[in-house]
Amino acid sequence: QVQLVESGGGLGQAGGSLRLSCAASGRTFGNYAMGWFRQAPGKEREFVAAITWSGSSTYYANSVKDRCTISRDNAKNTEYLHINSLKPEDTAVYYCAAKVKGGSYYYPALYDYWGQGSQVTVSS
């Protein structure tokens, strides 16, 4: 089992930036690929970014790829999502997730563990 806890959400202004953190506990963090997803009211959960277990490869949704950076620190059992140039459409609950097996990074159903989510609200 892996327990994931997000932090760093809250209220931001358009054009600003914020950093989300995801602290992991339980089984060895470095064994898992990690991802970030978000869900806005009335919408499906969507992929934001993912990073391989070693951190050597990263993947981004087209909607954020020029504004987001995903990273991880395996020594601290923590992954991060830095979002620049915030937009009101970034408003959502952001979830971190851990993935045990291989396959696509883009689909929520392929992730095994989830955090409880952190609300991000961007004002214009």
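Annotations
- GNM top mover of Lys99, Lys76, Lys43 - the chain, alpha-carbon springs below 10 Å: Lys43
- Each Cα pair of the chain feeds into the Kirkwood radius, which the Stokes-Einstein equation turns, at 10 °C and 1.306 mPa s, into a diffusion coefficient of 112 µm²/s.
- Multiplying the residue separation of Ser71 and Glu44 by 0.36 nm and removing their Cα-Cα distance gives an extension gain of 7.3 nm.
- Dmax and Rg, reported as Rg then Dmax, of the range 8-53 (C-alpha, Å): 13.4, 37
- Potential lengthening between Asn62 and Glu89 on full extension [0.36 nm per residue; Cα-Cα distance subtracted]: 8.4 nm
- Gaussian network model of the chain, springs between alpha carbon atoms under 10 Å - residue of Thr52, Thr78, Thr28 with greatest fluctuation: Thr28
- Placing a label point 7 Å from the Cα of Arg19 along the Cα-to-Cβ line, the residues of the range 85-103 whose backbone N sits under 17 Å from it are 85-86.
- Radius ratio Rg over Rh of the range 46-97, counting only Cα atoms, Kirkwood formula for Rh: 0.96
- For the chain, relative contact order (Cα pairs under 8 Å, six or more residues apart, normalised by length) works out to 36 percent.
- Carbon + sulfur, % of accessible area of the chain - ligands and nucleic acids excluded, 1.4 Å: 47 percent
- Note, ³J(HN,Hα) from phi for the range 114-124, Karplus 6.51, -1.76, 1.60, rounded to Hz, x at Gly and Pro: 9, x, 7, x, 9, 6, 10, 10, 10, 9, 8
The values are calculated or read from the model by the stated rules, or taken from the named source; none is laboratory data. Only a predicted model underlies this, so the values are computations on that prediction, with no experimental measurement involved. When we count neighbours, we look across all protein chains shown, and the Cβ atoms used for this are built from the backbone with ideal geometry, even at glycine. Calculation scope for accessible area: heavy atoms of the full protein, side chains included, ligands and nucleic acids excluded. Shrake-Rupley method; radii C 1.70, N 1.55, O 1.52, S 1.80 Å.
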